[in-house]
Structure formats: C-alpha cells, structure tokens
Amino acid sequence: MPLDEYRRKRDFKKTPEPGGGTVASAGGFYCIQHHHARREHYDFRLELDGVLKSWAVPKGPSLDPHEKRLAVHVEDHPLEYGSFEGAIPAGEYGAGDVLLWDVGRWEPIGDAHAGYRAGKLKFTLRGEKLRGGWMLARMGGRAGEGGKNWLLLKERDAEAKPATDGDVLRERPESVHGLHRGPLPERVALQLATPAAAAPEGDGWLHEIKYDGYRALCRIAGGTARLFTRSGQDWTARFHGVGDAAAALPVDGAFLDGEIVVLGEDGRSRFEALQEALAGNEPAPLTYVVFDLLFEDGVDLREQPLERRKARLAALLRRATDAGVLRYGDHVVGRGPAFLREACAHGLEGIVAKRRDAPWRAGRTTDWLKVRCGQRQEVVVGGFTDPGGARGGLGALLVGVHDGGGRLVYAGRVGTGFSMAGLDRLRAQLGAIERATSPFAPFDDVPPATYWVEPTLVAEVGFTNWTRDGRLRHPVFVGLREDKPASEVVREAASAAAPAAPPPRGRRPDEPTTVAGVRLTHPDRALWPEVGVTKLELAHYYVAVADWILPHVAGRPLSLVRGPRGWNGTTFFQKHRADGLPDAIRTVDVAGEEDAGPVAHVMIEDTAGLVGLVQVDTLELHVWGARADRVERPDRVVFDLDPDEALPWAAVVAAARAVRLRLETLGLDSVVKTTGGKGLHVVVPLERRHGWGLVKAFARAVAVDVAKRLPDHFTANAAKADRRGRVYLDWLRNTRGATAVAAFSARARAGAPVSMPLGWDELDAVVPASLTVRTVPPRLAALAADPWASVATSRQRLGATVRRVLHLSDLD
C-alpha cells in the first residue's frame, strides 16, 4: 500500500502528524515544508495518485537555474500532510518543528506518470513563493543511490533569477499560514451558521452532518476541562463524563467546538434522548462530536483556514484516551447537494456547509451555512391548555416568535410530539411560571388559553411550513432548548419553503397599510412566492437599507422592472414617467437623442420614493451612470462580468480581480458588487468632468484590452457563441441612456436576491444566492465599515496617461 512505509515509521498516539485516510481532492496540490529536524531540510511534495510524492531537499529550492539542488526521494505522505504544521515530539521519527513554507498547485508538462517513471519530471508551480517551470531529475550511477537521489532545478523563465540577486529562502522564511501565539482566553464567542435554501456546490466547501444536540465550547487548561453552551452557561456538570474525557487529551491548553449528542444504535443523534439523559431520567452515554479547534498549546488558530484547524483537531483526537466520548466531526469536500440528499435519505436533520479556507469569525456568517432536510423552528412558550380525554399533563402549548420590534407574536398551537413522562415534567415547569395575562403582542388573534406563562421557556418544533398569516403548520414538539435565551428567538427565514411574512398585528390580511408615509395596497401580495417575500416585506427591506442604497439611486434617472404578478409572472420595463405613480416618485427631464425635446424620466429622492416604487410593484431598480443635476457628466464606469453558465464562481471572482488589476495599472481604483445572479459588476468611480463619449470609449478600450490579454478567459463580444467557457466583459452599460442594476436593489429572480456591494477580500467566501432581502439587512448591521465608502469621495479622472495608453487622446 502507498502509505505503509509512512505509517510504519510513526506512532500516531505520540505524533500529531496525520495518519492518512480517504480525502477528496481536486488534484494538483503542491507544498514545501521547512523541517527543523536533526538535519534541517525542506520537504518538497507533489500530489500524484492520491498521495504526496516527497523529496527531502537539504539546501532548499533555488530560483537560480544554474544551481542544482539535491532532492532525496522519501516515502509517500498522505494528502492531509499538506496542511500540517507543528512540532513532532522528541524520540519520534523526524522529531522537530515543521513549518509550512509554501503551498499552491502544480501542473505537469507532458505525462506526469511517464515523467516520474523515467526520472525526468517537468512541471509548473503556482505557489505563494515559488512559480514558473521546474524539473525533478533522477541521478544515475553510484550518485543516484539506487534511484533515491534526484536533482531539483529551476527552469529558465520569467520567474528565475540569479543567486546574486538574492535567496528566496532568506527573503521569505515565514510560514504561509503564520501561527499567532497568545494566552488561552476564558471565553470565546461562537461562530454561527446562516440558514440557506440549498447546499453550495464546488470544492471550496466542506460539508458536515448537522447533529441534533447542544452546541458546546470546551476550554481545557491545567488538566481541567469546562464546557459552555452557546449562551455561555457552564454546563460541565450536566455534560457528565465529557469534561473528564476532554481533560485527558494530551494538550496543555485548548479550545474545542462541537455538539453534545446522544447517538442511537443507528448512529443518528437523538435530541429527545439527550434531554432525558440531561434530566437524569434515562441515563445514556453522551458523545462530544468535535468539529473545530480554536486554540492549541498557546497557538491561536482562529485565523488559520478551517481545513488546517480540522487537520490539527483530527491529529489531537487520535491521541484521545476515551474515543467513545470524544468523536471527530468528519466531513466531505465538495458534492454539497449530493451529500444533503444522502443525509436526508438517512433521516438526518441536515448538513452544515463551511468554507474550507475561511478563518474563524464570531457571529453569524455566510462562511457557514446550515441546510435542513425539514423545517425546524425555535419558539417561545406563552401559554398552554388543559389535556383532554385520558391524556395527562397538558393539551397543547401556545407558542410565538419575536418580531423586528421585539414583540412576541403568536405562531400557533403545538399539541403533538410529547411523551407521557415528558408531559408531566413540562406541566410542572409551566406551573412554576404562570401569570394572569397573555404575553403575546396586542391584537394577536390568539385563541384563549387555560393558562398563561412568563415567556421564558424555549421549545424546538418541527413543522411542514408557515401559513400566510404567520402560523406554524402541523407543528410537532421536539424538546425544550435550555441553551438559548427566549429573547433571541425569531423566525428563521432561509429555506425554499420559507413563510410569507404575517401581516402586522391588528391588520387584516391584505388590508392597505402605510410605510414611510406611503400607502401600500395589497401589502401581502407575494412578489417572490417561492420564499414568501411580500410587497410589504420588500418595502420594509428598503426602509432598513435606505441609508445604504440612497447614495446610489437618489437623484438619478431610473429604469424600473415592474411585476404586479411577482418575479415569475409577466414583468415589464419602465423608464419614463406615467400616470398613476405615487407622489413620492419624482421626475427629471432629460434631453432626447439628436436634439429631441426633453423626456420625463423616473427619479426618487428619499425613503418615501423607495417605498413608492414598491407600491407600483417594482422588483428591480436600474440607474444611469450620472446624476440628474449634471446628466451629461457621468460619475462611474460599470464593467458587467457576465459569465458562461458553466463557469464556477471562483472563475468569476478571478475574472473580476483581473479587471481590477488592469485598472490599477492605469492608476484607477475600483469597487465590486454582485449582480444578484452569477455575475459581478466592477465599478470605477469618477469625478464628474468627462463626457459620455470618452467614458464609453474608455470602457470599450479596457474591455477589448483585457479580452486580448486573456483570450481564454474573456470576450468583449456579445455573441453567445463567444461566451462559451469565458466571461463576457460587457462595457455597453456606459452608453448615454443605458442603465445598470443599482447597488442594494432586489432582483427579479428566484429567492429574492440582492445586488450587493462587497469588499474585494470578501469575494472568495461569499455565496451570491445567500444575499437576499432577508439576509442583507442583518449583514449590513454587522459591518464595521462600508466597503464602498471610497465611492463618495473619489476624485478619479481619465487623465492623460489613461488616454495615451488606450489611444483616447482625441476625445473630450
């Protein structure tokens, strides 16, 4: 077997090195590790046939083609070794510190297997430190020592440089994933997953089973372990046995993250059994499924990519003395939709998708997505009824969720899913918190309860969907959640079967209402029926993001996409003023083409204008690249990256960065936003001094230039045939009278997506489909800074250098 020699040399109960297993990989991985062993050297590794072919290079690689570096062929290593960095204990094979010096991809030149067998392997490296052409050549004769000794050589190309110009080993000694050291904190804030409608595709994600238990952080220090719930409660005593098993791990200090569960004979987690075990009624062994490692022996791992953190975690848990209590939360790479289907077919709750390369980020982020097989919802208990017939305890729970104003809104009755013993215990708990009045919001259509209670107990229920008036359909009691405060319980709205927003309390369904001073008729009309987003909810979205969107739409001529029957019904485009529009929608007269008279264009100025657009069922807002007060002087250039449908998101991101780089070489900064579909907009802010002729010519010249430089990735031709496998760089948005979808505008597409401004560093981690009218407001509330803040203060011009380089000097 390929890894037999590797495993024979190591005791994995003592060394943190990975033991090797079945790992999904896209292929072509490469890395170099700086190994401070008895004899310092660099380990050069190339992925081939599911393992890392490895050579020890005593002097390390050189960028000088004249220097031939000895490379001793050693045993194959597992793919997991490519993320290993740490200390191999004294007395173990290869004892010493290992630093991950370089990482990237390699591509063989010719047949890799034939070159390897022949002892002349040529390849290209695309690492963070080493790039360009290289060769491994096996030495012959006595010097070759039976095929073990090879030579590592740099090819003569643009990446090569003579030794007299410097040594890359001395110039770049750092780890590519620097380790941050610091004291072990007392507490760590949790990273939370954002609900998602579907599992993401692509190898940029790894997928874990979503366990049905209690989330728990574990702090290990000085031979003692403490376990905390997601609300910060110390439940070490309640999670009996888990703390002792964690404390026995061979580590001086650590922070683990995982889920406390009770596993059935079929391997599935059983929440009701966990509750019984915690109550001491039916003792059952607890299992701590650990899926993340945040600190280890003085090293803060939170900035490390998730995949590296999990590799260290797996190595640590292999040395656990009680593997029955502590279990590694394994994962698969890629194949998200297929993994979700399998999870659902086996009766599991769902999956959690996580970005492989993302650091730890406290709070709810889109780096982690939870995708359920069925609907689950946490609810607050506000009352209960007496039992009927021979049933004991209670009849049904009256439950609710908090709305945006913090009010407890009634959500229905839960009368099934209880065990007989559970009913009696629950009745006793409720009896201790009885009150005289209803805790639900005034005007709620709440049926009379036999008893009202203080709204402090949180229950979890399963259900089929939400009704149009905001009630749970067919709810089933799952259990009480003691680990979450009742004040945090709100309605989750992320799955494809998400509910319509219920009408405000006291208003009959579809009764007209007023938002931002504008009267909305048919407020409960479903504009995105597949996710239940109504006209009223869209109006509230624009009110919530008004401060963000108005700088990009107010005072500009607009074009609207309207759809009275929703996005998937008949829609139409409108840019001119028409009768019947609300007063909050203004107009601006714009001169027509070829000296034609002025034409009244739609325009808004404030939040009321945004809501006025919603009143006439506007699904999308498209804006001119100029403001109405100087409509002949545009203030931005928009490059619309429209990818072939077959291209993955990573290719679109790479394309946007290529456009940004070309603009930077011209001295121009740019910002980026999603389009609400698969594309991106790269936007160049401008000072208002140039005419449409120059701006249009500039956009075309850049698009053509980028397409010529990177013809395998771009086309500036609108023809569909030219887009196959490439990104169409659409520059026509910069013609006078043309428009582009506005930043923060909703889109007339499934799921109610939003065209979302982003920071350039966010592109890799973002999932465009997860940016919707429901998820964007809380995302904006959590931002420390506006990624488009520079747009308002930009003073960029298309100066002489730009005109000369792009041959635009003859234009105004």
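The values are calculated or read from the model by the stated rules, or taken from the named source; none is laboratory data. Everything numeric in this text was worked out from a predicted model, so none of it was measured. No Cβ is skipped: glycine too gets one built from the backbone with ideal geometry, and neighbour counts run over all protein chains shown. Remember, those area values only see protein heavy atoms, side chains included, never the ligands or the DNA or RNA. Shrake-Rupley method; radii C 1.70, N 1.55, O 1.52, S 1.80 Å.
Between residue 357 and residue 804, the distance separating the two model label sites (each 7 Å from Cα on the Cα→Cβ line) works out to 3.7 nm. Value of Rg to Rh for the chain, rounded to two decimals, is 1.01; Kirkwood radius and Rg both from alpha-carbon coordinates.
State in Å² the accessible area per residue of the stretch 672-812; use a 1.4 Å probe, count heavy atoms of protein chains only, and round to the nearest integer. Intermediate values should be presented prior to the final figure.
Working: 5860 Å² over 141 residues.
Heavy-atom SASA per residue in the stretch 672-812 reads 42 Å².
Under 5 Å between amide hydrogens, built in the peptide plane, is the criterion, and for residue 591 it picks out 599 among residues at least 5 positions away or on other chains.
Just so you know, the averaged projected area of the alpha carbon convex hull for the stretch 342-429 sits at 9.1 nm². Along the stretch 718-731 the Karplus relation, 6.51 cos²θ - 1.76 cosθ + 1.60 evaluated at θ = phi - 60°, assigns HN-Hα couplings of 6, 4, 4, 4, 7, 8, 4, x, 9, 9, 7, 8, 7, 9 Hz to successive residues, with x for each Gly and Pro. Only helical runs count toward this figure. For the chain, summing -39,500 (n - 2.57) over DSSP H runs of n ≥ 4 and dividing by all residues gives -5000 deg cm²/dmol at 222 nm.
Backbone phi angles across the stretch 38-51, fed through the Karplus curve with coefficients 6.51, -1.76 and 1.60 (θ = phi - 60°), yield HN-Hα couplings of 3, 10, 4, 7, 10, 9, 9, 9, 10, 6, 7, 6, x, 9 Hz in residue order; Gly and Pro are listed as x. In this label model, residue 665 and residue 708 are separated by 1.2 nm, measuring between points 7 Å along each Cα→Cβ vector. Computed from the Cβ-Cβ distance with R0 of 60 Å, the FRET efficiency linking residue 174 to residue 579 stands at 0.35. Here's how it looks for residue 513: its modeled amide H is under 5 Å from those of 520, which are all 5 or more places away or on a different chain. Across the stretch 7-21, rounded Karplus estimates of 3J(HN,Hα) from the backbone phi angles (6.51 cos²θ - 1.76 cosθ + 1.60, θ = phi - 60°) give 6, 4, 7, 10, 9, 6, 7, 10, 9, x, 5, x, x, x, x Hz, Gly and Pro being marked x.
Summarising the amide proton neighbourhood of residue 69: residues at separation of 5 or more, or on other chains, whose placed amide H is nearer than 5 Å comprise 152.
The stretch between residue 148 and residue 589, if pulled fully straight at 0.36 nm per residue, gains 150.8 nm over its current Cα-Cα span.
Taking N as the residue count of the stretch 14-104, its C-alpha radius of gyration divided by 2.2 N^0.38 Å amounts to 1.08. The charge dipole of the stretch 576-674, taken about its Cα centre with unit charges on the Cβ of Lys, Arg, Asp and Glu (plus for the first two, minus for the last two), comes to roughly 500 debye. By accessible area, using a 1.4 Å probe on protein heavy atoms only, the stretch 143-239 has 51% of its surface on carbon and sulfur. Computed from the C-beta positions of residue 90 and residue 419 and an R0 of 51 Å, the FRET efficiency is 0.40 to the nearest 0.05.
Full extension of the segment from residue 346 to residue 159, taken as 0.36 nm per residue of separation minus the current Cα-Cα distance, would add 62.2 nm.
Summed over the residues of the stretch 22-160 and divided among them, the accessible surface reaches 45 Å² per residue at a probe radius of 1.4 Å.
Note on residue 719 and residue 572: their simple-model spin labels are 3.5 nm apart, each label 7 Å out from Cα toward Cβ.
All alpha carbon pair distances within the stretch 243-318 were sorted into 10 Å bins beginning at 0; the resulting P(r) in whole percents reads 17, 41, 28, 14, 0. Shown for the chain: cysteine residues without a partner Cβ closer than 4.7 Å, namely 31, 218. Per-residue packing, averaged as other Cβ atoms within 10 Å, sorts the ranges 136-142, 573-579, 512-518, 729-735 into the order 729-735, 512-518, 136-142, 573-579, beginning with the highest.
Kirkwood radius for the stretch 185-284, taken over all pairs of different Cα atoms as the inverse mean of 1/r, rounds to 15.2 Å. In the context of the full set of protein chains, residues of the stretch 336-487 present 42 Å² of accessible surface per residue (probe radius 1.4 Å, heavy atoms only). Around the Cα centre of the chain, unit charges on the Cβ atoms of Lys, Arg, Asp and Glu (plus for the first two, minus for the last two) sum to a dipole of about 1180 debye.
If you model the stretch 258-412 as an ellipsoid using its alpha carbon gyration tensor, with each semi-axis the square root of five times an eigenvalue, the axes come out at 34, 22, 17 Å, biggest first. You can think of it this way: the chain between residue 244 and residue 36 has 71.4 nm of extra reach, that is 0.36 nm per residue less the Cα-Cα gap. What you get for the stretch 344-409, charging only the Cβ of Lys and Arg (+1) and of Asp and Glu (-1), is a dipole of about 320 debye around the Cα centre. Highest average first, the peptides 14-21, 609-616, 151-158 ordered by how many other beta carbon atoms sit within 10 Å of their residues are 609-616, 14-21, 151-158.
Counting protein heavy atoms only, the stretch 660-743 has 48 percent of its accessible area on carbon and sulfur, 1.4 angstrom probe.
Here the accessible area of the stretch 330-409 is 50 percent carbon and sulfur, with a 1.4 angstrom probe and all protein chains present.
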